[in-house]
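Heads up, the thing below is written out as structure tokens.
The values are calculated or read from the model by the stated rules, or taken from the named source; none is laboratory data. Just so we're clear, the structure is a prediction, and the values are computed from it rather than from any experiment. All Cβ positions, even for glycine, are placed from backbone atoms using ideal geometry, and neighbour counts span all protein chains on display. Note: areas computed on protein heavy atoms with side chains; ligands, DNA, RNA excluded. Shrake-Rupley method; radii C 1.70, N 1.55, O 1.52, S 1.80 Å.
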Amino acid sequence: MEIKAIRGFNDILPDEIGKWQFVEDTAREVFEGFGFSEIRIPIIERTELFSRGIGEVTDIVEKEMYTFTDKSGNSLTLRPEATASIARAYIEHQLYTFDPVAKLYCIGPMFRYEKPQKGRYRQFYQIDAEVFGVENPMVDAEIILMLIHFLKKVGLEKLELQINSLGCRACRPRYREELKNFLTKRSFQLCEDCQRRLHTNPLRIFDCKVETCQEAIADAPRVVDYICDECHKHFNKVKEYLGMAGLTFILNPRMVRGLDYYTRTAFEVVSYQLGAQNAVTGGGRYDNLFQEIGGLDVPGIGFAIGMERLISLLPKEKEFFRYPHLFVAALSEEAYREAYQLVNQLHLQGIRTELDYEGKSLKSQMRRANKLKARYVLILGEEELKRGRAALRNMEDKSQEEIPISDILNVIKGKVKGV
Ligand code: HAM
């Protein structure tokens, strides 16, 4: 029986990879320009990092983690997100001793046992950026500016930045009580899970997709109306700095994000092109995460971009596939020897060159060059070789010229420059 990939786990094939590389290269360029450095963290961590970091009563921890016991009896989990791991690495390697401010980014796969559908997979990729050690709202606006700049640079349009403030440890409990009181009166409308959440973590009822729960919560009190003076001031500053950076946003008082670590600023960038799974990216401030996982008092803010969702929005007309610069068609034993030497030299110079290895006819080699969309074809024929020459064909305008073999490397290099 043929073995297939697991549901929700995708192959990214060569004809798609150009888009992925373009997005990753642009992220690196933009983020490094904003002073961020890359960090690579393990794919597997101790389960408690996520249960404590993200919160026990969240969909991710309750239902979506790939958790298993290893041969030594440790409970381990495939990372469902990167923030908790990056924070763990900052604590574990005492990055704060070098500089308390750390600006870090990470690109890689995450794993969540969700119901696979368009835009929602069990293995998906995130581009994640975090700033640790700054409470100043200036950095909230700065990281959002970086995100929007990146999204525009890869070609996304018609995006909407939504923001909210989720309050802090001081003011959240009062809001939680209000919400609980409000929903207790409507508890008959809540699904079984939300009946339980009502007592354990009522904010998570906002994440529930069940229609009656959505109805029950529609007129619920808004968290922004309950935040304390300090949080208010912080949020106003964030808005002011966003304005100064030339960014427009809308206030979404219903956005509470699905992870428990958030405090104060929360944001999402949505695209209405995407249908149901319309969040391309989400993030926010988390001033208590470090205490949960390592007993340190370090503020943090960050975001993660879903790469599959982002890639599905890239402009259709943009060409991402990297075609060969040159196809070498050799037509005799001697020509193959010449071709072999030449192709090796071109490869060593980074010129994408293809060769037919099978001694096929010129017609069939030209057909393959056409199919591969090679920009130029170099024809090494027996007659031409005797005269020390070869024919170079431009596949775009179909023009052909003869060039001395000794000049080939320079001529090709000149032609493919910037292609
Ligand atoms: P999140 O909202 O859970 O946040 O995920 C961020 C993005 O990952 C989403 O907006 C979406 O584009 C993508 N995503 C999430 N789940 C899936 C899935 N099953 N399939 C495809 N794409 C998905 C976080 O993960 C936080 N760690 C973000 C953050 C960083 N907050 C602060 N720093």
request  = Only residues in segment 235-263 that are open to solvent by 40 Å² or more (accessible area, probe 1.4 Å) count as the first member; pair them with residues that are away from the ligand (no atom under 11 Å from the Cβ) and in a loop (DSSP other than H, G, I, E, B), Cβ under 8 angstrom, at least 6 apart or cross-chain, and list the lot.
outcome  = 239/249; 254/222; 260/55; 260/57; 260/201
request  = Go through 314, 296, 326 for me and flag whichever is surrounded by fewer than 18 Cβ atoms within 10 Å (Cβ to Cβ) and touching a Phe, Trp or Tyr at 6+ places or on another chain (Cβ under 6 Å).
outcome  = 296
query = Does at least one position in segment 180-201 carry a residue that is closer than 20 Å to residue 282 by Cβ and of a type outside the set (Lys, Arg)?
reply = yes
request  = Among the residues of segment 128-166, count how many are in a helix (DSSP H, G or I), buried (at least 18 other Cβ atoms within 10 Å of the Cβ), under 16 Å from the mean Cα position of the chain (by Cα) and not aromatic (Phe, Trp, Tyr).
outcome  = 6
ask   = Do the conditions hold for residue 55, that is, is it within 15 Å of the chain's Cα centre (by Cα), at pLDDT below 95 and open to solvent by less than 20 Å² (accessible area, probe 1.4 Å)?
value = no
task = All but one of (1) farther than 30 Å from residue 198 by Cα; (2) in contact with a strand residue (DSSP E or B) (Cβ under 9 Å, 6 or more places away or on another chain) hold for residue 169, so report the exception by its number.
result = (1)
ask   = Which residues, taken from segment 316-358, are within 17 Å of residue 379 (Cβ to Cβ) and among the charged types (D, E, K, R)?
value = 333, 334, 337, 338, 354, 356, 358
query = So how many residues does segment 371-413 have that are in contact (Cβ under 8 Å) with a residue 12 or more places away in the chain, open to solvent by less than 90 Å² (accessible area, probe 1.4 Å) and part of a helix (DSSP H, G or I)?
reply = 8
ask   = Can we say residue 259 is within 8 Å of the ligand (Cβ to nearest atom), of a type outside the set (Phe, Trp, Tyr) and modelled with pLDDT under 95?
value = yes
request  = Might you check whether a residue that is more than 19 Å from residue 259 (Cα to Cα) and at pLDDT below 95 occurs anywhere in segment 119-141?
outcome  = yes
Candidate set: segment 110-122, residues that are under 19 Å from residue 50 (Cα atoms) and assigned to a strand (DSSP E or B); chosen: the one farthest from the ligand (Cβ to nearest atom) = 111
ask   = If you go through segment 212-226 one residue at a time, do you hit one that is surrounded by fewer than 17 Cβ atoms within 10 Å (Cβ to Cβ), in a helix (DSSP H, G or I), away from the ligand (no atom under 16 Å from the Cβ) and among the acidic types (Asp, Glu)?
value = yes
note = So, first residue under 13 Å from residue 217 (Cβ atoms) in segment 190-203, second residue among the basic types (Lys, Arg), Cβ within less than 7 Å, six or more apart or across chains; the pairs are 197/204; 198/180; 202/176; 202/180; 203/176
key: Pick from segment 93-127, criterion more than 18 Å from residue 81 (Cβ to Cβ) and polar (S, T, N, Q), ranking: surrounded by the most Cβ atoms within 10 Å (Cβ to Cβ)   = 117
inquiry  = Considering only segment 72-89, I want to know if a residue exists there that is in contact (Cβ under 8 Å) with a residue 12 or more places away in the chain, assigned to a loop (DSSP other than H, G, I, E, B) and either of a type in the set (Lys, Arg) or surrounded by fewer than 17 Cβ atoms within 10 Å (Cβ to Cβ) (or both).
reply    = yes
Number of the condition not met by residue 317 [criteria: (1) in contact with a Lys or Arg (Cβ under 7 Å, 6 or more places away or on another chain); (2) free of Cβ contacts under 8 Å to residues at least 40 places away in the same chain; (3) within 30 Å of residue 354 (Cα to Cα)] = (1)
message = within 14 Å of the ligand (Cβ to nearest atom) and touching a strand residue (DSSP E or B) at 6+ places or on another chain (Cβ under 7 Å): which single residue out of 107, 54 fits that description?
response = 107
request  = For segment 355-368, indicate whether the set of residues that are touching a strand residue (DSSP E or B) at 6+ places or on another chain (Cβ under 9 Å), surrounded by 14 or more Cβ atoms within 10 Å (Cβ to Cβ) and in contact (Cβ under 8 Å) with a residue 40 or more places away in the chain is non-empty.
outcome  = yes
